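Everything on this sheet refers to the single structure shown next.
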């Protein structure tokens, strides 16, 4: 892999890890990918290439997080509607 591609892979892995788990993502991401912290660190440092299958695993993790967020948003919207309806007259406050 070229140096630019290595840098882009490292940056993308860092961006995805942070988006999924926050700044302290390394342990959680490694666990969810089924690799050791050391392996993840070697990918992030560019010492080792990220195996191709890992990108598919990351896409699946993103999709799962999106589904959890959609469910949470649905629940939030539902609960807000319930909380803003006056039970005596079914009209919003």
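The values are calculated or read from the model by the stated rules, or taken from the named source; none is laboratory data. Computed from a predicted model, the values in this text were never measured in an experiment. With ideal geometry, Cβ positions are generated from the backbone for all residues, glycine too; neighbour counts draw on all protein chains shown.
Scan segment 49-74 for residues that are at pLDDT 95 or above, in contact with a helix residue (DSSP H, G or I) (Cβ under 8 Å, 6 or more places away or on another chain) and over 15 Å from residue 15 (Cβ atoms) and the total you get is 1. Scanning segment 20-42 for residues that are under 16 Å from residue 8 (Cα atoms) and out of contact with any helix residue (DSSP H, G or I) (no Cβ under 6 Å at 6 or more places or on another chain) gives 41, 42. Quick check: is even one residue across segment 13-36 over 20 Å from the mean Cα position of the chain (by Cα) and either part of a helix (DSSP H, G or I) or at pLDDT 95 or above (or both)? No: segment 13-36 contains no residue that is over 20 Å from the mean Cα position of the chain (by Cα) and either part of a helix (DSSP H, G or I) or at pLDDT 95 or above (or both).
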